[in-house]
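Down below is the structure, laid out as structure tokens.
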């Protein structure tokens, strides 16, 4: 049955097809703004319902639109953040192809979150991978091309694992609708495929490797869709898996540690994507028993908030790079007066991601940590609470570092001016929403999958609020007391260093020892073949060479002792061997000496006698 609700991906895909027809002038800019508004309006009008079912085989339907509370909140934030990215890109993107890639990427992400079955999801999953690759390669440098190649290799691996898991799940259950998966090989393959997009440790290295090397606008789009689609899939299929919760805690700490060490502003933000994903992954993994509703609400709330403050941060740093041409904190500073709007929006987003009271990150982080505190039995709750709290401390340290050294540290030589209006407007909108949700979180609660449970959560409970304020104040004092948080222009190695070292070692093994062995085997085979060729061209030559070699080898030790008797015979075999070796193969040996003929006959009879003795033929003679 086809409902009147229109799947959002259709609008975006049609927009991508129309872009090449509009040129590069004012018409394209107006069209892009209208497309962003239309997409937001379309998602806002969707109701919790299922429509657009496309039958393809008997008993197999592709569900192109499945709208429930979980998919709708994903659609809202994707449309809002994606629309902001579209408007932002007007000032920085000239290439028509880059717009097409961005819109295909956005449309496929919306298609994935509204997909009702695994096969539809997989189709959009792969479109996401290949369309997002263009946003990296359009940067044009060699490092972007190399990073893009590594990016697509990771996602091809993840896509293959996902498809294999989907097929095995369908074969075992005869069900393709999106939902929980039973344990088995398909279960682990699906988790692996989703884990690549969610940036599980150690499958995360594609993210900080590629995002900083994409175009300015491309990085904004990349930060929105791929990983968040993975979180959505994780919530649909693997909620309540304890190992997933522990992975979330590890991601939270791992990402924030590496973020603190970064000098490149976009690489710092990229590692913070890994860290903030940790809160969402932990929330999904904790979603079992009594904490299911608060854990899922916390995970999705943090996803929603993350797309607001993280998109704002990437837009701010994109504006800084656009205005100054510099990526590293060691080259920045002194921008607070030259780019005041960018500075204010960046500070708001930094306070939000750090979980400061009064901003949206405080609300959603508190929900996830509260879910960890409610876990019963074992040490899981204590471990996760500690990891997520330490992650908040590290986040504040890294964003004090980012904002201070980008905007407030002294740099008299830097030249910059405020970003263009199309870049400032979406930055201001998303920053404003960070404050609105932080001050009045019920706006967000009304959208969460478990609305009633969300309304019972009190974000500003006195004890919790006072504890967070104490922790944040101690972190600020620690930051300014310790000087080693200042940026350093040095290389920080991640797990991908092991991948690359192992890869280079494998290539060396293939090029050197393995190829050397292959050449040696090839030469050996050629020599054997050559020997057979020589033998069959002149059968007399082979036995004669062998006899001469044996004669030389046996007689040579006795030459000194019996020189007068043995030496002439030794010289005979030696001369005959040299003669045979030097004679061209085309010139056959038609005769042999009498001595050699007698020796051949004697050898033949000796071999014949040995065979008779072995088989007992002599006993049969009367």
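The values are calculated or read from the model by the stated rules, or taken from the named source; none is laboratory data. Everything numeric in this text was worked out from a predicted model, so none of it was measured. Cβ sites come from the backbone with ideal geometry, for glycine too, and all protein chains shown count toward neighbours.
Points worth noting:
- Residue list for region 80-96, filter: under 17 Å from residue 420 (Cα atoms) and part of a loop (DSSP other than H, G, I, E, B): 90, 91, 92, 93, 94
- Hey, residue 108 in the same structural domain as residue 53 (by TED's automatic domain parsing), farther than 17 Å from residue 447 by Cβ and modelled with pLDDT of 95 or more or not: yes
- Against the test of being modelled with pLDDT of 85 or more, under 30 Å from the mean Cα position of the chain (by Cα) and surrounded by 14 or more Cβ atoms within 10 Å (Cβ to Cβ), the options 430, 492 yield a single qualifying residue, 430.
- Checked against the criterion of being at pLDDT 90 or above, out of contact with any helix residue (DSSP H, G or I) (no Cβ under 9 Å at 6 or more places or on another chain), closer than 27 Å to residue 372 by Cα and assigned to a helix (DSSP H, G or I), the candidates 435, 469 yield just one match: 469.
- Of all residues making up region 104-118, the number that are within 13 Å of residue 66 (Cβ to Cβ) and part of a helix (DSSP H, G or I): 5
- Comparison of 449, 487, 441 shows that the only residue that is touching a helix residue (DSSP H, G or I) at 6+ places or on another chain (Cβ under 6 Å), surrounded by 13 or more Cβ atoms within 10 Å (Cβ to Cβ) and at pLDDT below 85 is 487.
- Any hit, region 58-74, residues being modelled with pLDDT of 90 or more, crowded, with 22+ Cβ neighbours inside 10 Å and under 25 Å from the mean Cα position of the chain (by Cα): yes
- In region 452-466, the residues that are loosely packed, with under 12 Cβ neighbours inside 10 Å and within 15 Å of residue 371 (Cα to Cα): 456
- Count of residues meeting criterion [part of a loop (DSSP other than H, G, I, E, B), surrounded by 16 or more Cβ atoms within 10 Å (Cβ to Cβ) and without any contact (Cβ under 8 Å) to a residue 40 or more places away in the chain] in region 1-43: 1
Results for (1) at pLDDT below 90; (2) crowded, with 18+ Cβ neighbours inside 10 Å; (3) outside the structural domain of residue 215 (by TED's automatic domain parsing), shown as yes or no for each residue.
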residue: 140; (1), (2), (3): yes, no, no
residue: 149; (1), (2), (3): no, no, no
residue: 163; (1), (2), (3): no, yes, no
residue: 174; (1), (2), (3): yes, no, no
residue: 179; (1), (2), (3): yes, no, no
residue: 184; (1), (2), (3): yes, no, no
residue: 192; (1), (2), (3): no, yes, no
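- Look at (1) in contact with a helix residue (DSSP H, G or I) (Cβ under 8 Å, 6 or more places away or on another chain); (2) more than 20 Å from residue 433 (Cβ to Cβ) and you find that residue 84 fails only one, number (2).
- Options 22, 38; residue that is in the same structural domain as residue 101 (by TED's automatic domain parsing) and closer than 22 Å to residue 81 by Cα: 38
- Per the listing 396, 400, 424, the residue uniquely under 23 Å from residue 269 (Cα atoms) and crowded, with 22+ Cβ neighbours inside 10 Å is 396.
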